[in-house]
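Enquirer: Handing you a structure now.
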Amino acid sequence: MLHGIIAFAQTTKDIVDKIVKEANENSQLEPLAHELMDVIGPRLVGTPQMQKAHNWAVEKYAQWGITAKNEKWGQWRGWERGITHVDLVSPRVVSLSGMQLAWSPSTPKKGITAGMIIIPDVADSLAFKKWLPNVKGKFVMVSMIQPTGRPDYNWEEFATKESFEKMKNDRDAQNDAWRERIKKTGYTSRNINGALEKAGAIGIIQSRWSEGFGANKIFSANTTEISVVDLSLEDYGLLYRMVEHGEQPIIKVMAESKELGTVPTFNTIATIPGTELPNEYIILSAHFDSWDGATGATDNGTGTITMMEAARILKKIYPNPKRTIIVGHWGSEEQGLNGSRAFVEDHPEIVEGVQALFNQDNGTGRVVRISGQGFLNAYDYMGSWLEAAPESITKEIETTFPGTPGGGGSDYASFVAEGAPAFSLSSLNWSYFNYTWHTNLDTYDKIVFDDVRNNAILTAILAYMASEDPDRTSKEKSVLPMNPRTGEQMTWPATRSPNRDGGKNE
Ligand SMILES: [Zn+2]
């Protein structure tokens, strides 16, 4: 069959070249990013923007001649972010930089104007109980004041060695003291808001620095009646110092979110049917939802547009795949891989037929790491598929075979748990954890389009190769190594059920 092999090699090269050319000369990544991030915006589960995104994706696929549908898997607390406005009104006027946390209750229409109080350093929980009535009618400041808004890399560059060391030591001591302060109240940083709310606080002010210039993490509130607002490091520090020095700052907070009852949640599933082996599947995977401190550009807008672009290119260059190609745009990954876990639960026949799944979800960078996820023979197929891609795309990729199975972190884990050969296309970090992951700065400007284009090409080629592979992939699991921490043999991660009715106590 030498003749056949040569013909296949020639076809492969031809297809790969066409994929690269289409990706480079007719890229749709920029318009996709604009429409998704700039126009639709963040995609928090249960918000109207998430629904808009699902509808938008189905429409896009239709334009490319690909069938797609929104598949319901559950329901969530419906909530819509509105305007957040925070101003210092006394002793001087300053508009502050901050925002309501996700699912935070709104303020009354006119906003709330009030003074502030800091969590005190009390002797024990009894003393805290005695102090609690002081929060009545006040905004409570629940975060430590940061000693510096400069990230460590900036100190490293400019500070004297002694000064940098001193700052770090002081900050460590301050962190320890603050942890101790919260502990002595008898609450945790997570459940203290509830106690403050019960005691009559009219709002919670926090600042959750992400250790980069201007970057804060924006997660969810944990109150039922009062607003929780995150302020920038410096604005929080300004208020904190004023309170400490007795200047009695007064702020006005307007937070205009809406409660929308209970709303359905979806995955968007696009399908290019297979011609020879329609019951075997290549899945392109990326979660569609995001947190909503910004627009979720790198978490996971870039993974989303990578998979959409790869699918578009495949449909154009390779419209009749041997195996079925599915694109899974999962909902509610951020609250525990819920969309993908639901898909796995609802479609055992597809999971059984998975030839390979490729997931991307750690930022805008080009792919530099791929693990075999514990599948004993992953090297045989992943290795040969990767060889088909141009060297410029693969030269920085470090592979680990067979690797160990991922138990979480992103949606591939939902499939790995079921024994389906699912892989994470892991990106170069581009300061992901400090600057964009779940922050107020995860926006369009952070996207590195050349790297995303690289990833769309890689994904399209891997999908093509996996689809055309003469063999079914092996799902044999490797014998897992000892866990160095416990000294016991690692076990394969277990399948977990999704939360299909969420957000009630978020
Ligand atoms: Zn993510």
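The values are calculated or read from the model by the stated rules, or taken from the named source; none is laboratory data. In this text the structure is predicted, and so the values were computed from the model without any measurement. Cβ atoms come from the backbone with ideal geometry, glycine included; neighbour counts cover every protein chain shown. Heavy atoms of the whole protein, side chains included, go into the accessibility calculation; ligands, DNA and RNA do not. Shrake-Rupley method; radii C 1.70, N 1.55, O 1.52, S 1.80 Å.
Enquirer: Go through region 431-440 and give me each residue that's within 15 Å of the ligand (Cβ to nearest atom) and either crowded, with 19+ Cβ neighbours inside 10 Å or among the small types (Gly, Ala, Ser) (or both).
Expert: Tyr432, Tyr435, Thr436, Trp437, His438, Thr439
Enquirer: For the structure I just gave you, tell me whether Ile350 is more than 26 Å from Lys18 (Cα to Cα) and either more than 16 Å from the ligand (Cβ to nearest atom) or at pLDDT below 95 (or both).
Expert: Yes; evaluated as a whole, the condition is true for this residue.
Enquirer: Also, I was wondering about something else. Return yes when Leu231 is surrounded by 24 or more Cβ atoms within 10 Å (Cβ to Cβ), in contact with a strand residue (DSSP E or B) (Cβ under 6 Å, 6 or more places away or on another chain), closer than 19 Å to Leu88 by Cα and in contact (Cβ under 8 Å) with a residue 40 or more places away in the chain and no when it is not.
Expert: yes
Enquirer: Same structure, new question: Keeping to region 142-167, report how many residues are more than 27 Å from Asn193 (Cβ to Cβ) and either open to solvent by less than 30 Å² (accessible area, probe 1.4 Å) or among the aromatic types (Phe, Trp, Tyr) (or both).
Expert: 7
Enquirer: Of all residues being farther than 30 Å from Pro264 by Cα and surrounded by 11 or more Cβ atoms within 10 Å (Cβ to Cβ) in region 482-506, which is modelled with the highest pLDDT? Just the residue, please.
Expert: In this case the residue turns out to be Trp492.
Enquirer: Tally the residues that are under 20 Å from Val89 (Cα atoms) and in a helix (DSSP H, G or I), restricting the search to region 124-143.
Expert: The number of residues fulfilling the criteria is 1.
Enquirer: In region 272-300, which residues are within 11 Å of the ligand (Cβ to nearest atom) and hydrophobic (A, V, I, L, M, F, W, C)?
Expert: Matches in region 272-300: Ala286, Phe288, Trp291.
Enquirer: Another question about this same structure. Can you tell me which residue in region 353-411 is least open to solvent (accessible area, probe 1.4 Å), limited to those that are among the acidic types (Asp, Glu) and within 27 Å of the chain's Cα centre (by Cα)?
Expert: Top of the filtered list is Asp411.
Enquirer: Starting from residues that are assigned to a helix (DSSP H, G or I) and among the β-branched types (Val, Ile, Thr), keep the ones in region 154-212 and report whichever is farthest from Ala127 (Cα to Cα).
Expert: Looking at residues that are assigned to a helix (DSSP H, G or I) and among the β-branched types (Val, Ile, Thr), I get Ile192.
Enquirer: Another one. Any idea which residue in region 38-83 is farthest from Ala102 (Cα to Cα), counting only those that are open to solvent by 50 Å² or more (accessible area, probe 1.4 Å) and of a type in the set (Val, Ile, Thr)?
Expert: Among residues in region 38-83 that are open to solvent by 50 Å² or more (accessible area, probe 1.4 Å) and of a type in the set (Val, Ile, Thr), the one farthest from Ala102 (Cα to Cα) is Thr67.
Enquirer: Still on this structure: Quick one: Gly303 ticks every box in (1) in contact (Cβ under 8 Å) with a residue 60 or more places away in the chain; (2) within 14 Å of the ligand (Cβ to nearest atom) bar one, so which box is it?
Expert: Exception for Gly303: condition (1).
Enquirer: Can you confirm whether Gly331 is surrounded by fewer than 24 Cβ atoms within 10 Å (Cβ to Cβ) and within 16 Å of the ligand (Cβ to nearest atom)?
Expert: no
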